[in-house]
1. Just checking, does region 59-81 include any residue being of a type in the set (Phe, Trp, Tyr) and either in a loop (DSSP other than H, G, I, E, B) or at pLDDT below 90 (or both)?
2. Anything in region 4-34 that is under 15 Å from GLU64 (Cβ atoms) and in a loop (DSSP other than H, G, I, E, B)? List them, or say none.
3. Considering only region 35-54, I want to know if a residue exists there that is within 19 Å of ALA24 (Cα to Cα), in a loop (DSSP other than H, G, I, E, B) and modelled with pLDDT under 95.
4. Mind telling me which of the residues ARG15, ARG9 ends up being basic (Lys, Arg) and free of Cβ contacts under 8 Å to residues at least 12 places away in the same chain?
5. Assuming SER8 fulfils every condition listed in (1) of a type in the set (Gly, Ala, Ser); (2) modelled with pLDDT of 90 or more; (3) surrounded by 15 or more Cβ atoms within 10 Å (Cβ to Cβ) apart from one, which condition is it?
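The values are calculated or read from the model by the stated rules, or taken from the named source; none is laboratory data. Here the structure is a predicted model, which means the values were calculated and not measured. Methodologically, a virtual Cβ is constructed for each residue, glycine included, from the backbone with ideal geometry; neighbour enumeration extends over all protein chains shown.
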Amino acid sequence: MDAVEVESRERVHIRVRENASTLAAWRVSLRAPRGAIVLAEAGGKSWYRGEGDLLGVPQERLAELWKAALSSDTEPELPQYG
């Protein structure tokens, strides 16, 4: 697997066709590969959504990239709340 470079991690709001309400999700923006991965969880299920160059990438590959991004040595600066 190629190296994963994390640009940022953030909590975002998303909408999906299957749910009338807004959901909270985690989004990891990547420099390499270029794009972003969104992890959404609802009703006991979780799924990934690719953005940018990762649009249309299979769930299994997005899961691998997500795991690599979380274990990345390059930690982005996280905002301070409170």
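1. Keep residues of region 59-81 that are of a type in the set (Phe, Trp, Tyr), which gives 66, 81.
Subset that is either in a loop (DSSP other than H, G, I, E, B) or at pLDDT below 90 (or both): 81.
Checked region 59-81: at least one residue is of a type in the set (Phe, Trp, Tyr) and either in a loop (DSSP other than H, G, I, E, B) or at pLDDT below 90 (or both).
2. Scanning region 4-34 gives VAL4, PRO33.
3. From region 35-54, those within 19 Å of ALA24 (Cα to Cα) are 36-51; that's our starting set.
Next, from what is left, pick out any that are in a loop (DSSP other than H, G, I, E, B): 43-44.
Restricting the remaining residues to those that are modelled with pLDDT under 95 gives 43-44.
Yes - at least one qualifying residue is present in region 35-54.
4. ARG15
5. For SER8, the failing item is (3).
Yes/no matrix, rows are residues, columns are (1) exposed (fewer than 12 other Cβ atoms within 10 Å of the Cβ); (2) without any contact (Cβ under 8 Å) to a residue 40 or more places away in the chain; (3) under 16 Å from GLU5 (Cα atoms):
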residue: ALA20; (1), (2), (3): yes, yes, no
residue: TRP26; (1), (2), (3): no, yes, no
residue: ALA36; (1), (2), (3): no, yes, yes
residue: ALA40; (1), (2), (3): no, yes, no
residue: TRP47; (1), (2), (3): no, yes, no
residue: GLY52; (1), (2), (3): no, yes, yes
residue: VAL57; (1), (2), (3): no, yes, no
